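Notes to accompany the following structure.
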């Protein structure tokens with residue numbers, strides 16, 4: 001299977017092509033996102049409804065990681 | 001001005017119902033657009049699996065659609081008015097005009113609150129299945145699947161295939177009720193075969209019927225759960241992941257924005273349609289889960305019916321109506337067998353968060369009887385999910401129904417909103 005290299009919070013990571021950003025984030029120790037009162041949160045609904053998985057992708061904030069597929073060279077920031 | 005495209009038939013939702021509708025409409029030589037916010041077609045039940053691909057029926061339908069239909073995946077509907085949807089795709093926005101609109105917007109999971117449900121490691125049951133298919137590493141993880149309904153079995157089977165160590169399937173419905181339903185399955189041979197196949201895939205997985213996960217524990221992530229049996233006896237099970245969902249509820253936000261009449265569906269709502277899948281708005285059809293949870297088969301049949309009717313050939317749909325009704329009857333029997341026990345609505349403690357976006361606990365919502373008042377005072381429902389999660393929770397808990405929706409249907413970019421006020425009628429200020 002093809003592999004794709006991206007960076008999550010600055011850490012390079014290689015995953016299978018087609019993997020979602022939400023799934024890729026689970027491979028790294030950084031994050032998770034903090035809620036408005038500072039609680040740790042992780043992907044919850046898996047289908048683009050709950051927005052718990054939101055991350056910054058290539059400079060664009062508030063992207064649902066479960067709807068985004070990894071791309072070569074992608075820069076993901078988990079708690080921005 | 002935004003780019004404007006026009007489709008003779010526009011379908012929203014690329015699950016089985018939407019794919020069926022789009023494929024049939026294309027056979028009439030129509031220009032057909034098929035919109036979905038997911039990156040690939042298939043919807044939830046036919047979601048592509050990074051490791052295993054999609055089921056054969058899904059691959060066939062998707063290949064057929066790809067040949068005759070304009071696939072607009074990764075596109076989010078942010079606003080709608082008569083004859084036009086505004087879509088955001090990648091960094092762009094455009095308007096999709098249409099003569100006929102077929103809503104196949106599907107369902108989402110009913111996710112109910114309990115102490116610890118916001119911990120990383122806790123997700124929906126279908127949610128965890130979707131994440132595993134997206135490539136979430138679950139191999140070797142200790143996983144518990146809980147909640148209610150046959151989706152738990154499908155989710156568990158997927159997780160096992162991906163190498164998870166399944167500690168159990170926790171079904172809230174009493175064992176006797178589940179068994180009675182299973183004994184009646186002979187009347188639905190295709191369903192019985194499917195159930196047997198799932199049983200085989202799940203051989204050896206402990207079953208906790210009549211049980212409920214009442215709490216999840218952990219500091220920064222899930223470490224274990226508290227399981228309660230029908231007699232109230234509790235035990236702790238250590239685990240890494242918990243997928244918990246209590247069934248499905250229709251996605252009706254777009255239909256509501258278009259002015260389609262809704263009707264009650266348990267504590268939630270569904271789009272009201274006639275036998276030909278016509279909504280109360282001329283030229284707008286609804287199929288599948290949006291019209292009430294019915295499953296894959298009824299969604300597919302309804303997609304075919306709606307497309308024939310939308311293309312002016314209702315007589316070609318006639319023969320399918322009875323099959324559709326039969327599929328719907330199975331769904332009704334299923335809903336009855338897995339009806340929620342009152343205790344699953346009482347799991348949240350006063351300090352359990354209800355609105356996960358704005359971190360509003362249950363106690364803060366005491367005394368409110370409508371969504372608007374609660375929102376103004378507590379910010380409940382004002383976060384990024386726009387009340388999709390907490391609104392369903394509060395309706396299910398018998399507090400108050402979710403407040404009326406307004407555009408944008410999903411959080412949108414400023415540029416999209418600016419263009420919206422330019423060419424659309426102003427959405428105005430609504431309560």
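The values are calculated or read from the model by the stated rules, or taken from the named source; none is laboratory data. For clarity, every value in this text was computed on a predicted model and none was experimentally measured. When we count neighbours, we look across all protein chains shown, and the Cβ atoms used for this are built from the backbone with ideal geometry, even at glycine.
Check B:150, B:137, B:174 and return the single one that is in contact (Cβ under 8 Å) with a residue 12 or more places away in the chain, more than 30 Å from residue B:307 (Cα to Cα), surrounded by fewer than 20 Cβ atoms within 10 Å (Cβ to Cβ) and not assigned by TED's automatic domain parsing to the domain that holds residue B:46.
B:174
Can you tell me which residue among B:384, B:373, B:319 is without any contact (Cβ under 8 Å) to a residue 24 or more places away in the chain and not assigned by TED's automatic domain parsing to the domain that holds residue B:11?
Result of the check over B:384, B:373, B:319: B:373.
Can you say whether residue B:24 is under 23 Å from the mean Cα position of the chain (by Cα), buried (at least 19 other Cβ atoms within 10 Å of the Cβ) and part of a helix (DSSP H, G or I), as far as the supplied structure shows?
So residue B:24 does not fit the description; no.
Could you say which residue among A:66, A:45, A:50 is crowded, with 24+ Cβ neighbours inside 10 Å and either under 10 Å from the mean Cα position of the chain (by Cα) or more than 7 Å from every other protein chain (Cβ to nearest Cβ) (or both)? Can you show your working first?
Working: A:45 fails: either under 10 Å from the mean Cα position of the chain (by Cα) or more than 7 Å from every other protein chain (Cβ to nearest Cβ) (or both); A:50 fails: either under 10 Å from the mean Cα position of the chain (by Cα) or more than 7 Å from every other protein chain (Cβ to nearest Cβ) (or both).
A:66 is the lone residue from the list that is crowded, with 24+ Cβ neighbours inside 10 Å and either under 10 Å from the mean Cα position of the chain (by Cα) or more than 7 Å from every other protein chain (Cβ to nearest Cβ) (or both).
Which one of these is assigned to a strand (DSSP E or B), modelled with pLDDT of 95 or more and within 21 Å of the chain's Cα centre (by Cα): B:213, B:244, B:225?
Every option except B:244 fails the conditions.
May I ask you to say which residue of B:327, B:371 is away from chain A (no Cβ under 14 Å), at pLDDT below 95 and surrounded by 15 or more Cβ atoms within 10 Å (Cβ to Cβ)?
On the way: B:327 fails: at pLDDT below 95.
After ruling out the rest, the residue left standing is B:371.
Exactly one of these conditions fails for residue B:294: (1) touching a residue at least 40 places away in the same chain (Cβ under 8 Å); (2) in a loop (DSSP other than H, G, I, E, B). Give me its number.
Result: residue B:294 passes all but (1).
Read through the list (1) more than 7 Å from every other protein chain (Cβ to nearest Cβ); (2) over 22 Å from residue B:353 (Cβ atoms); (3) surrounded by fewer than 18 Cβ atoms within 10 Å (Cβ to Cβ), then give the number of the only condition that residue A:57 fails.
Residue A:57 satisfies all of (1) more than 7 Å from every other protein chain (Cβ to nearest Cβ); (2) over 22 Å from residue B:353 (Cβ atoms); (3) surrounded by fewer than 18 Cβ atoms within 10 Å (Cβ to Cβ) except (3).
Under 9 Å by Cβ, and 6 or more places apart or on different chains, what pairs join a residue from region B:84-104 that is within 14 Å of chain A (Cβ to nearest Cβ) and under 23 Å from residue A:65 (Cα atoms) with one that is modelled with pLDDT of 95 or more and not in a strand (DSSP E or B)?
Within 9 Å, the pairs are B:89/B:74; B:90/B:74.
Looking only at region B:27-52, count every residue that is surrounded by fewer than 24 Cβ atoms within 10 Å (Cβ to Cβ) and not in a loop (DSSP other than H, G, I, E, B) and tell me the total.
2
For region A:15-32, name all the residues that are within 7 Å of chain B (Cβ to nearest Cβ), touching a strand residue (DSSP E or B) at 6+ places or on another chain (Cβ under 9 Å) and part of a loop (DSSP other than H, G, I, E, B).
A:18, A:19, A:27, A:32
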